Amino acid sequence: MDPVENTVTTVRLREVFQDDQESATEPLTRFRAAALRRSVLFAWMIVVVIVAQAVSSNAIADRRLILIAGVFVVVLAGATSANWTEVLAARRGSWAATVWVIFLVVAVGALTANKDLFEVSIPIYSGLAVLTGLILAPVRHGIVSLLSVILMSFGATQAARGPGDVVLPIITIGVVAAATSLIGTEFDREARLGERRLAELVRQQADFERLYAVSATLAGSESLAEGLPQIVGTICRFLAAQVGLVFLYHPEDHTLRVMSPVWVNGHTLEVDAIRMRVAEGGIVSQVFRSGRSILLDRIESNPESYGIIGELGVRQAMIAPLKVEGYNVGAIAVGDPIAGRFEEKQLEDLASLAAPAALVLSQLGRYESAAETTRQMQEVAQMKTDFVSVVSHELRTPLTSIIGSLATLGRPGLNEEIRDELLGSARRQADRLQRLIEDLLMISRIDRNSVPVKLEEVPVKGFLEEVAATVSGIKDLTINVQPADLVIYADPDHLGRVFINLVENAAKYALGSPVELVARAVRSRVDIDVIDHGDGIPLDQVSKVFEAFTQLERSDTRTKGGTGLGLSVVKSLVEAMNGQVTVSETPGGGATFTVSLPPATVAAREPIEPVAAQS
């Protein structure tokens with residue numbers, strides 16, 4: 001979603017919420033508007049009653065009465081055409097209603113000041129007391145009621161009535177005004193309570209809709225990479241924020257890591273791996289540890305003190321913890337509101353939205369982890385299937401050759417030369433079979449952490465010459481040891497297995513090319529290189545060559561022998577002897593395996609514990 005569409009969406013959400021809030025005040029406004037319309041009708045009735053009384057008492061000829069009645073009728077005509085609902089909804093609507101009620105009271109007082117009309121003023125004032133109690137607030141109603149009493153007293157004086165004639169009417173008006181005021185106050189209280197309840201329901205509805213929108217991303221996402229920007233984007237749009245990012249907790253190293261991508265104003269931005277230790281403090285770590293949300297203001301004044309939040313370049317930000325079943329799993333931060341500034345209410349909204357977001361992210365993480373585990377199990381199953389196939393082939397080939405050679409030796413009439421050739425072939429295949437079985441046994445021992453290691457001084461040059469003599473099938477094998485008297489500290493049996501494997505690998509995958517064995521002293525170690533000049537190792541396989549069961553060719557199309565265990569055994573045995581093995585590309589083509597071991601002069605002489613295989 002682009003910034004313009006995002007802004008329009010946010011403004012629309014606010015308009016809808018405001019409309020809902022305004023609609024919550026309509027019942028009370030409609031009731032008072034209806035009461036005001038009734039007051040206009042009551043005023044017309046007053047005019048009719050007073051005119052009838054004036055006619056019957058011959059007071060109709062009073063010019064002052066006619067003038068006041070004319071003004072009253074004109075005002076009534078305007079009040080009759082007025083839309084009182086709109087008047088009350090206006091900013092000064094309550095004052096307009098107050099002015100209208102005061103006009104009614106004053107007009108009635110002026111009309112009934114005539115001594116012949118005093119008798120009809122008492123019920124009229126009582127009726128006005130009822131209406132004003134329903135229309136006006138208690139204080140204003142009290143003022144208007146007091147004004148009615150004053151005008152009634154003035155009318156009694158004009159009509160030459162004594163105090164006894166007005167005491168009972170005044171008490172009646174007071175009682176009616178008080179009772180109506182109590183009823184109006186209670187109605188007003190209930191109406192406003194209803195307004196608050198309705199507003200709360202509207203707010204809860206908006207919260208539920210937002211929670212549903214965040215939770216719904218779980219159904220449409222199958223990975224964190226897909227679901228993360230949707231979740232963060234949804235939250236940012238609800239809060240009218242331009243920036244959003246998520247920090248997830250990794251318990252294995254107690255760090256919070258920024259999840260990529262980061263949501264920036266409707267777009268996603270890939271970021272490099274950023275992590276921070278929970279124990280090192282910082283705003284995000286504090287929120288994660290405390291489990292309390294925080295609103296940060298004026299970040300630009302001192303961005304260095306806000307850590308990664310300051311590095312985002314935002315002016316204002318909110319951070320809330322992500323919790324699942326009471327456990328903190330991370331934190332979410334949003335920054336830079338599209339318009340204005342963040343408020344405490346929005347911080348509460350972020351905290352409420354963080355709960356389903358945490359659940360969604362947790363579920364996506366579990367789904368991804370389960371999918372990855374399934375994929376790895378499938379790979380392991382496939383590797384084991386390939387391994388069984390390869391081992392079966394590797395065992396059958398030398399056995400077939402040995403059985404064939406022995407069967408041929410049993411034939412009469414074989415000359416010595418053929419007999420010796422058959423015996424040599426059988427011996428070589430038996431040695432191959434023995435090494436294969438030993439590799440399998442070694443892998444089993446490595447898996448059980450039961451590899452025995454006996455370290456001793458081994459002269460490098462003599463050892464490499466023995467290896468060269470042991471391995472057959474290499475026409476061009478050179479040895480270069482500098483200095484010639486190099487001595488390493490290692491297990492001779494394990495060391496022999498390591499270099500026989502490496503040299504045979506070089507001969508197998510670089511058939512016909514020269515192989516070099518180069519040893520040299522480098523600081524506190526001795527590096528021994530096995531260099532071939534063949535096709536080399538594909539880049540996508542370099543990181544896997546030391547894993548068990550790894551083959552550079554598919555098992556169903558491979559032309560080379562081997563079980564895929566040799567280099568795994570090499571790595572485990574070298575590490576058991578306090579060394580390490582690496583692979584690199586040979587200049588001009590080929591592969592170079594480098595075994596680094598401690599020299600006898602600096603090596604620790606204490607026995608070491610067997611180590612587990614490492615992939």
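A few remarks follow.
- Test: residue in the stretch 237-251 that is among the hydrophobic types (A, V, I, L, M, F, W, C), assigned to a strand (DSSP E or B) and surrounded by fewer than 19 Cβ atoms within 10 Å (Cβ to Cβ): no
- Among the candidates E304, E311, residue that is in contact with a Gly (Cβ under 9 Å, 6 or more places away or on another chain), at negative phi and free of Cβ contacts under 8 Å to residues at least 40 places away in the same chain: E304
- Tally of residues being of a type in the set (K, R) and surrounded by 14 or more Cβ atoms within 10 Å (Cβ to Cβ) across the stretch 276-288: 0
- All conditions in (1) at pLDDT 75 or above; (2) farther than 22 Å from I135 by Cβ hold for A159, with the sole exception of (1).
- Count of residues meeting criterion [among the small types (G, A, S), touching a residue at least 24 places away in the same chain (Cβ under 8 Å) and either surrounded by 14 or more Cβ atoms within 10 Å (Cβ to Cβ) or within 16 Å of V515 (Cβ to Cβ) (or both)] in the stretch 436-475: 3
- Considered as a group, the residues in the stretch 125-152 that are crowded, with 16+ Cβ neighbours inside 10 Å and more than 16 Å from T180 (Cβ to Cβ) include one that is modelled with the highest pLDDT, and that residue is L151.
- Filter pass, I122 being modelled with pLDDT under 75 and surrounded by 16 or more Cβ atoms within 10 Å (Cβ to Cβ): yes
- Meets criteria (modelled with pLDDT under 80, surrounded by 15 or more Cβ atoms within 10 Å (Cβ to Cβ) and closer than 29 Å to I437 by Cβ) for A613: yes
- Looking across the stretch 515-531 at every residue that is out of contact with any Pro (no Cβ under 8 Å at 6 or more places or on another chain) and not β-branched (V, I, T), the one that is modelled with the lowest pLDDT is identified as R523.
- Subset of the stretch 418-427 (residues that are crowded, with 16+ Cβ neighbours inside 10 Å and either touching a residue at least 40 places away in the same chain (Cβ under 8 Å) or more than 26 Å from L565 (Cβ to Cβ) (or both)): L422
- Some residue of the stretch 295-307 being under 23 Å from L359 (Cβ atoms), assigned by TED's automatic domain parsing to the domain that holds A351 and β-branched (V, I, T): no
- Only one of the listed residues (V40, V48) is modelled with pLDDT of 75 or more and either farther than 14 Å from L104 by Cβ or touching a strand residue (DSSP E or B) at 6+ places or on another chain (Cβ under 6 Å) (or both). That residue is V48.
- Of residues in the stretch 294-351 being in contact with a strand residue (DSSP E or B) (Cβ under 8 Å, 6 or more places away or on another chain) and of a type in the set (D, E), the one farthest from E200 (Cα to Cα): D336
- Only one entry in G534, G566, G588 is under 30 Å from Q429 (Cβ atoms) and at pLDDT 85 or above, namely G534.
The values are calculated or read from the model by the stated rules, or taken from the named source; none is laboratory data. Only a predicted model underlies this, so the values are computations on that prediction, with no experimental measurement involved. Backbone-built Cβ (ideal geometry, glycine too); neighbour counts: all protein chains shown.
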